[in-house]
Each structure stands twice: as C-alpha cells, then as structure tokens.
1. Of Gln66, Gln49, which residue is within 10 Å of the chain's Cα centre (by Cα) and at pLDDT below 85?
2. Let me confirm something: among Gly16, Gly27, Gly86, which residue is at pLDDT 90 or above, closer than 24 Å to Tyr120 by Cβ and small (Gly, Ala, Ser)?
3. Given the conditions (1) within 23 Å of Ser36 (Cα to Cα); (2) outside any strand (DSSP E or B); (3) at pLDDT below 95, and given that Ala103 satisfies all but one, which numbered condition is not satisfied?
4. Quick one: what pairs do we get from the stretch 37-49, first residue hydrophobic (A, V, I, L, M, F, W, C), second not in a helix (DSSP H, G or I), C-beta under 6 Å, 6+ apart or different chains?
5. Please enumerate the residues belonging to the stretch 95-116 that are touching a residue at least 12 places away in the same chain (Cβ under 8 Å) and exposed (fewer than 12 other Cβ atoms within 10 Å of the Cβ).
6. Just checking, which of Ala5, Ala84, Ala72, Ala20 is in contact with a Leu (Cβ under 8 Å, 6 or more places away or on another chain) and surrounded by fewer than 17 Cβ atoms within 10 Å (Cβ to Cβ)?
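The values are calculated or read from the model by the stated rules, or taken from the named source; none is laboratory data. A quick note: this is a predicted structure, and the numbers were derived from the prediction, not measured. When we count neighbours, we look across all protein chains shown, and the Cβ atoms used for this are built from the backbone with ideal geometry, even at glycine.
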Amino acid sequence: MPFKAILQELVESTAGATGAILTDWEGEAVEHHSLSGDEFGLKILGAHQNIILNRLREIRHDNPAQTLREAAITTDRQRIVIGAVGKDYSLVLTLERRALLGAAIFRMQRSIRLLEKEIY
C-alpha cells in the first residue's frame, strides 16, 4: 500500500482529523494528505514536530527499557499527535480541538504499522 493511500485513509477515517504527514529523519516531507489543502503549512508543522519527537527520543535515551511511541500536543485550536515510525521516520496527525484523542491514536498506530511494513 503506497504511503499516500495510508495517510489518506488515516485522515479520512479519523473523526476530526485535518491532515497527516510522514517525515524523514531530517524533518523533510516524504508524503502528506490534508483536507484543507494547506500543503506548505502541513510541511512546516511536520518539520517542527519532528524536532520535538527527536528531542523526546533523546530524553528517553536515558531509559533504554522504554521506547517512545507517540506524543500528543494540545493547543487552544487543535491537537497534534506525533508518532515514531521505526527509528528514522515520524508521522504527524493534525486534529480539530474537539477530536477524541484516544480514537485518533488507535488509528494512527495502525497506520504506523502499515508504514513500517512499507519502509522496512
């Protein structure tokens, strides 16, 4: 299954999702899907969230028994979930503020497994 199809299915099947982007280890966009059509904004967001995920990974490095899987950020207007796709990639899912975080993470984890099969 191509990356675009995985991201499109994630966004369109998750209530309140507005976009998703897969980034590489440098924060560069590999693929994305957005309902708003704001590709530039999604790419900038993906690059910045990749920096956050990498910093969290560095912090967790002190306790190698635990692996960082995802992190959620809530702002006054939206929710952002960042997930690790293997060691080298990140998946960022943007959500409306009212979206149910648990349901979004569940769907995102499925998408991460599919992406990992494609990448590795």
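1. It is Gln49.
2. Details: Gly16 fails: closer than 24 Å to Tyr120 by Cβ; Gly27 fails: at pLDDT 90 or above.
Testing whether each residue is at pLDDT 90 or above, closer than 24 Å to Tyr120 by Cβ and small (Gly, Ala, Ser) leaves just Gly86.
3. It is condition (3) that Ala103 fails.
4. Leu42/Gly19; Leu42/Ile21; Leu42/His32; Leu42/Ser34; Ala47/Gly27
5. Once the filter is applied, which keeps residues that are touching a residue at least 12 places away in the same chain (Cβ under 8 Å) and exposed (fewer than 12 other Cβ atoms within 10 Å of the Cβ), the stretch 95-116 yields Arg97, Arg98.
6. Values: Ala5 fails: in contact with a Leu (Cβ under 8 Å, 6 or more places away or on another chain); Ala84 fails: surrounded by fewer than 17 Cβ atoms within 10 Å (Cβ to Cβ); Ala20 fails: surrounded by fewer than 17 Cβ atoms within 10 Å (Cβ to Cβ).
Matching residue, one of Ala5, Ala84, Ala72, Ala20: Ala72.
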